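Worksheet for the structure shown next.
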Amino acid sequence: MQARFKRIFYASVQLTASLYLAGWAAAAARAALPPAVVWSAAQSRSADLQIRHCAAAPHRPQFTASATVQSPADLLRVLSALDAAQAQVAVAQSRLQLATLQAQRAKGLFDTGQNVALATVQQAQAGAAQAQAGVSSAQAARAVAQAQLTADLGPALAARLRQDAQLRQSILSGRDLVVALSLPPGQALPPAAQVRLLGPASPHAVQARIIGPAAAASSQSQGLREVLVAPATNGLMPGLQLQAEVQSAQTQSGVWLPASAVVWIGGQAVVFAATPAANHALQFAPRVVSTAWPLRDGYVQQGWDALDVVTRGAGLVLTPPPSPHALPTSGGDDD
């Protein structure tokens, strides 16, 4: 009981310390930001500031990955080896069936006193045993070919090719291509992900089907790798390195901020939120934003309420407000 209380006490101390450090870090980040400033309506017009209302809306999380169109040569090689091994199993089983019938027939004739020597019976039985060994050897070779297929293509694609004859035929005929999708380090596929391939020679993105995990991770980026199947359009061919857009089919609510509204202060991404002040003036307060969810030349902020942000001239808010332009007087000696 005492040990349990000690564990609870130490856990509470660690939790308190982590919360304190997080609060201290947040306070330090806030302290590093410039204070809010108030500009008059004339000053905002003089600086040509543009302000946009940003409201919460459903968005689909997405990120960019790299993809490589695979050559069908390795696929053809391992599939041919597996087909050959399966054919050998079928041949060996036919030989076993014939040898078994011959051994049964010889033994039956011998048992009924027909003109069949015991040596003939034994020879037929030995042939059946040899045929059984041939079946076992062919089955072992098929297991090796299947293991090689799984090792080269990955368990997901290997299983699909065994179950889906139509997919296998479309790949072998060249109607579909196998594509390796290399995800960024630490990134995984979102739920019900959708992948679009951006071909270098085609203005249209190609929708790809996700098969499952690849045989190995990416050796270059050290990220997870997935196997895709895409139609063999004019913009795709083996060996191409493509950019891929990975998007979740599930939407999440957030406020989208355009990249033009973001300025960097002390290594932090910041936007200036505009709120009304006295005499039609505007107060501009800095607010730290997260760049973890980029979307359409901007960033989505989860958990934010609607706000107005400066989308043009945000960097000017860091400088002293401009003096309003003086209007020319009417009339005078120069008229």
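The values are calculated or read from the model by the stated rules, or taken from the named source; none is laboratory data. The shown structure was predicted, so the numbers you read here are calculated from the model rather than taken from an experiment. Here the Cβ is made from the backbone with ideal geometry for all residues, glycine too, and neighbour counts use every protein chain on show. Accessible surface is based on the protein model in full, side chains and every heavy atom, while ligands, DNA and RNA are left aside. Shrake-Rupley method; radii C 1.70, N 1.55, O 1.52, S 1.80 Å.
Among Thr100, Thr112, which is the only one that is at pLDDT 90 or above and of a type in the set (Ser, Thr, Tyr)?
Details: Thr112 fails: at pLDDT 90 or above.
Exactly one of Thr100, Thr112 is at pLDDT 90 or above and of a type in the set (Ser, Thr, Tyr), namely Thr100.
For Ala269, the stated conditions do not hold, so it cannot be described as closer than 18 Å to Trp39 by Cα, open to solvent by less than 70 Å² (accessible area, probe 1.4 Å) and outside any loop (DSSP other than H, G, I, E, B). Scanning for something outside any strand (DSSP E or B), aromatic (Phe, Trp, Tyr) and open to solvent by less than 60 Å² (accessible area, probe 1.4 Å), does segment 276-289 turn up at least one residue? There is no residue in segment 276-289 that is outside any strand (DSSP E or B), aromatic (Phe, Trp, Tyr) and open to solvent by less than 60 Å² (accessible area, probe 1.4 Å).
All of (1) under 35 Å from the mean Cα position of the chain (by Cα); (2) open to solvent by less than 40 Å² (accessible area, probe 1.4 Å); (3) within 30 Å of Gly315 (Cβ to Cβ) hold for Trp39 with one exception: (1).
Of everything in segment 169-191, what is open to solvent by 50 Å² or more (accessible area, probe 1.4 Å) and either among the acidic types (Asp, Glu) or at positive phi (or both)? Give them in sequence order. Across segment 169-191, the qualifying residue is only Gly186.
Can we say Gln241 is in contact with a Lys or Arg (Cβ under 6 Å, 6 or more places away or on another chain), modelled with pLDDT under 95, open to solvent by 20 Å² or more (accessible area, probe 1.4 Å) and not charged (D, E, K, R)?
Details: in contact with a Lys or Arg (Cβ under 6 Å, 6 or more places away or on another chain): no; modelled with pLDDT under 95: yes; open to solvent by 20 Å² or more (accessible area, probe 1.4 Å): yes; not charged (D, E, K, R): yes.
Spelling it out, it is not the case that Gln241 is in contact with a Lys or Arg (Cβ under 6 Å, 6 or more places away or on another chain), modelled with pLDDT under 95, open to solvent by 20 Å² or more (accessible area, probe 1.4 Å) and not charged (D, E, K, R).
Scanning segment 142-167 for residues that are among the charged types (D, E, K, R) and more than 22 Å from the chain's Cα centre (by Cα) returns Arg142, Arg162, Asp164. Among the candidates Asp48, Asp83, which residue alone is modelled with pLDDT of 50 or more and on the phi > 0 side of the Ramachandran plot? That would be Asp48, the only listed residue that is modelled with pLDDT of 50 or more and on the phi > 0 side of the Ramachandran plot. For segment 248-265, state whether one or more residues are in contact with a helix residue (DSSP H, G or I) (Cβ under 6 Å, 6 or more places away or on another chain), more than 26 Å from Ala65 (Cβ to Cβ) and open to solvent by 50 Å² or more (accessible area, probe 1.4 Å). There is no residue in segment 248-265 that is in contact with a helix residue (DSSP H, G or I) (Cβ under 6 Å, 6 or more places away or on another chain), more than 26 Å from Ala65 (Cβ to Cβ) and open to solvent by 50 Å² or more (accessible area, probe 1.4 Å). Among the residues of segment 244-259, just one is modelled with pLDDT of 90 or more and either in contact with a Ser or Thr (Cβ under 7 Å, 6 or more places away or on another chain) or part of a loop (DSSP other than H, G, I, E, B) (or both), namely Pro258. With respect to the conditions (1) within 35 Å of the chain's Cα centre (by Cα); (2) open to solvent by 60 Å² or more (accessible area, probe 1.4 Å), Phe110 lacks only one, and its number is (1).
Residues checked against (1) basic (Lys, Arg); (2) open to solvent by less than 70 Å² (accessible area, probe 1.4 Å); (3) farther than 21 Å from Pro61 by Cβ; (4) in a loop (DSSP other than H, G, I, E, B):
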{"residue": "Pro200", "(1), (2), (3), (4)": "no, no, yes, yes"}
{"residue": "Ala216", "(1), (2), (3), (4)": "no, yes, yes, yes"}
{"residue": "Val227", "(1), (2), (3), (4)": "no, yes, yes, no"}
{"residue": "Asn234", "(1), (2), (3), (4)": "no, no, yes, yes"}
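Within segment 296-316, residues that are farther than 14 Å from Leu282 by Cβ and open to solvent by less than 20 Å² (accessible area, probe 1.4 Å) have Cβ atoms under 7 Å from residues that are in a loop (DSSP other than H, G, I, E, B) and not acidic (Asp, Glu) in these pairs: Val300/Trp293; Gln301/Val289; Gln301/Ser290, counting only partners at least 6 apart in sequence or on another chain.
Here's a check for you: in segment 113-125, which residue that is under 19 Å from Arg95 (Cβ atoms) and open to solvent by 60 Å² or more (accessible area, probe 1.4 Å) is farthest from the chain's Cα centre (by Cα)? Restricting to residues being under 19 Å from Arg95 (Cβ atoms) and open to solvent by 60 Å² or more (accessible area, probe 1.4 Å), the top hit is Thr120. Every test in (1) open to solvent by 60 Å² or more (accessible area, probe 1.4 Å); (2) over 15 Å from Ala55 (Cβ atoms); (3) polar (S, T, N, Q); (4) under 32 Å from the mean Cα position of the chain (by Cα) is passed by Thr319 save one, and that test is (4).
Within segment 152-168, the presence of at least one residue that is open to solvent by less than 60 Å² (accessible area, probe 1.4 Å), in a loop (DSSP other than H, G, I, E, B), closer than 30 Å to Gln222 by Cβ and at pLDDT below 90 is confirmed. Of all residues in segment 52-75, those satisfying the criterion of being open to solvent by 40 Å² or more (accessible area, probe 1.4 Å) and touching a helix residue (DSSP H, G or I) at 6+ places or on another chain (Cβ under 8 Å) are Arg52, Pro72, Asp74.
Can you find even one residue in segment 232-242 that is more than 30 Å from Ser173 (Cα to Cα) and aliphatic (A, V, I, L, M)?
Step one: filter segment 232-242 for residues more than 30 Å from Ser173 (Cα to Cα), giving none.
Within segment 232-242, not a single residue is more than 30 Å from Ser173 (Cα to Cα) and aliphatic (A, V, I, L, M).
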